[in-house]
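Contents: one structure, followed by commentary.
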């Protein structure tokens with residue numbers, strides 16, 4: 001996935017390779033973006049708006065991302081483990097072997113699991 005997404009604000013411009021994005025997390029009316037290099041970026045719009053932006057701008061490439069409950073949009077390429085019993089989702093960055101553990105509801109994890117099984 002060698003495509004980019006662009007974010008432009010009054011003071012900053014970001015050009016981010018999609019393969020660098022591990023996940024997006026909701027933080028009230030803000031969205032936090034976790035990158036592979038462990039850098040975090042914060043955007044001044046909700047996760048819902050981020051989801052709409054990804055669909056609008058990425059079109060076909062938006063299929064590489066999935067909404068997990070109310071709190072996360074994840075890059076499906078980094079899913080390592082889905083543990084419904086412990087309500088944890090583990091994402092693994094291949095370059096530096098950094099593991100990201102996210103809490104998620106059993107329902108959200110079951111739906112994610114079905115997504116992979118049905119592929």
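The values are calculated or read from the model by the stated rules, or taken from the named source; none is laboratory data. Since the model is a prediction, treat every value here as computed from it, not as a measurement. Ideal geometry is used to build each Cβ from the backbone, glycine not excepted, and the neighbour counts take in all protein chains shown.
Is it the case that residue 68 is within 13 Å of the chain's Cα centre (by Cα), surrounded by 15 or more Cβ atoms within 10 Å (Cβ to Cβ) and under 25 Å from residue 8 (Cβ atoms)? Spell out how you get there, then give the answer.
Working: within 13 Å of the chain's Cα centre (by Cα): yes; surrounded by 15 or more Cβ atoms within 10 Å (Cβ to Cβ): yes; under 25 Å from residue 8 (Cβ atoms): no.
No, not satisfied.
The residues of segment 27-40 that are surrounded by 14 or more Cβ atoms within 10 Å (Cβ to Cβ) and under 20 Å from residue 76 (Cβ atoms), listed by number, are 31, 32, 33, 34, 35, 36. When the criteria are applied in full, residue 106 fails the requirement of being touching a residue at least 40 places away in the same chain (Cβ under 8 Å), out of contact with any strand residue (DSSP E or B) (no Cβ under 6 Å at 6 or more places or on another chain) and surrounded by 11 or more Cβ atoms within 10 Å (Cβ to Cβ). Within segment 86-104, restricting attention to residues that are at pLDDT 95 or above and not in a strand (DSSP E or B), the residue that is nearest to residue 22 (Cα to Cα) is 104. Among the residues of segment 26-63, write down those that are within 17 Å of residue 102 (Cβ to Cβ) and in contact (Cβ under 8 Å) with a residue 40 or more places away in the chain. Passing the criteria: 26, 34, 36, 38. Those residues that are within 16 Å of the chain's Cα centre (by Cα) and farther than 19 Å from residue 2 by Cα, I need them from segment 12-27; list them, please. Those that are within 16 Å of the chain's Cα centre (by Cα) and farther than 19 Å from residue 2 by Cα: 25, 26, 27.
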